[in-house]
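Taking it in order: structure first as structure tokens, then the write-up.
The values are calculated or read from the model by the stated rules, or taken from the named source; none is laboratory data. No experiment lies behind these values; they were computed from the predicted model shown. Using ideal geometry, Cβ is built from the backbone for each residue, glycine included, and neighbour counts are taken over all protein chains shown. These accessible areas exclude ligands, DNA and RNA; they are computed on the full protein's heavy atoms, side chains included. Shrake-Rupley method; radii C 1.70, N 1.55, O 1.52, S 1.80 Å.
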Amino acid sequence: MILILLGPPGAGKGTQAERLEKRHGFRQVSTGDMLRAEVAGGSPIGREAKAIMDRGELVPDNVIIAMLDRRLAAEHGHDLILDGFPRTVPQAEALDRLLAERGLALSGVIVMEVDEEALAERIVGRFTCATCGASYHERFRPTRASGVCDRCGGRKFIRRADDTRETVLARLAAYNAQTAPLLPYYRKTGKLHPVNGMADIEEVAAAIEAILAGFAAELELTRK
Ligand code: AP5
């Protein structure tokens, strides 16, 4: 089963993908995480992507599509949540082709609808455990014990280089210009499922569960 989580920066895609991974055993495929790993490893892709990401722009389609193709091969047979991919119409067309080549089909696209004004606060307040990658927010999702990761007990946290107010504006502009055209693209397929991303994290999770209930048979099938 292949699901896409679509929405602007800070909409909550990563937060919900993490939950779906834990609850249903999906594999989270985040092109943002993959790019950050390339940057951290100093690879040629990482060197090309770093400045683009720091400016809040999109990495070229050919780089992303090749990276995703390799990842799909590695994740063969698993249920996938695509988080942050596709982000342009050419990426969506490439995904259709890559899935068809593997005899797979897209199950659904969950779009997280949010007010743009709320996003900067969500993004600037985000921090991540340096040890296990668990994601938190100073106000909306704090650690239970101050300075200690709930999941692994780690005490070192990091913030993303592109999580600044200035870069958020550029990332939003990129979303509106290049990613929003995916909404009519997927609406035409009848696979688009809107969710109110302004609700609190648990309510958003419940709304996604209700959508997934419609896919229950498909989820069972891929597990057999
Ligand atoms: P990427 O890593 O994909 O970032 P993004 O799309 O900008 O999304 P974010 O990770 O910032 O937000 P999110 O929706 O996952 O929100 P989260 O759950 O963390 O991409 C980074 C860069 O890589 C791009 O700018 C681009 O340069 C490049 N890139 C990546 N993919 C690409 C592609 N396909 N093509 C080209 N370039 C690509 O939540 C945010 C915060 O809010 C958290 O602290 C969370 O705790 C909190 N929160 C979540 N939900 C709620 C809620 N309901 N209420 C209150 N707080 C909430």
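Taken together, Ala216, Ala180, Ala207 contain a single residue that is within 25 Å of Glu75 (Cα to Cα), hydrophobic (A, V, I, L, M, F, W, C) and without any contact (Cβ under 8 Å) to a residue 24 or more places away in the chain, which is Ala216. Of the residues making up segment 81-94, those that are over 16 Å from Pro60 (Cβ atoms) and of a type outside the set (Val, Ile, Thr) are Leu82, Asp83.
Return the residue satisfying two criteria in turn: it lies in segment 34-52 and is of a type in the set (D, E, K, R) and over 13 Å from Ala161 (Cα atoms), and of such residues it is most open to solvent (accessible area, probe 1.4 Å). Here the residue is Arg47. Can you confirm whether Val63 is within 28 Å of Lys188 (Cβ to Cβ), in a loop (DSSP other than H, G, I, E, B) and without any contact (Cβ under 8 Å) to a residue 40 or more places away in the chain? Judged against the criteria, Val63 is not a match. Against the conditions (1) touching a helix residue (DSSP H, G or I) at 6+ places or on another chain (Cβ under 9 Å); (2) open to solvent by 50 Å² or more (accessible area, probe 1.4 Å); (3) at pLDDT below 95, Thr167 satisfies every one except (2).
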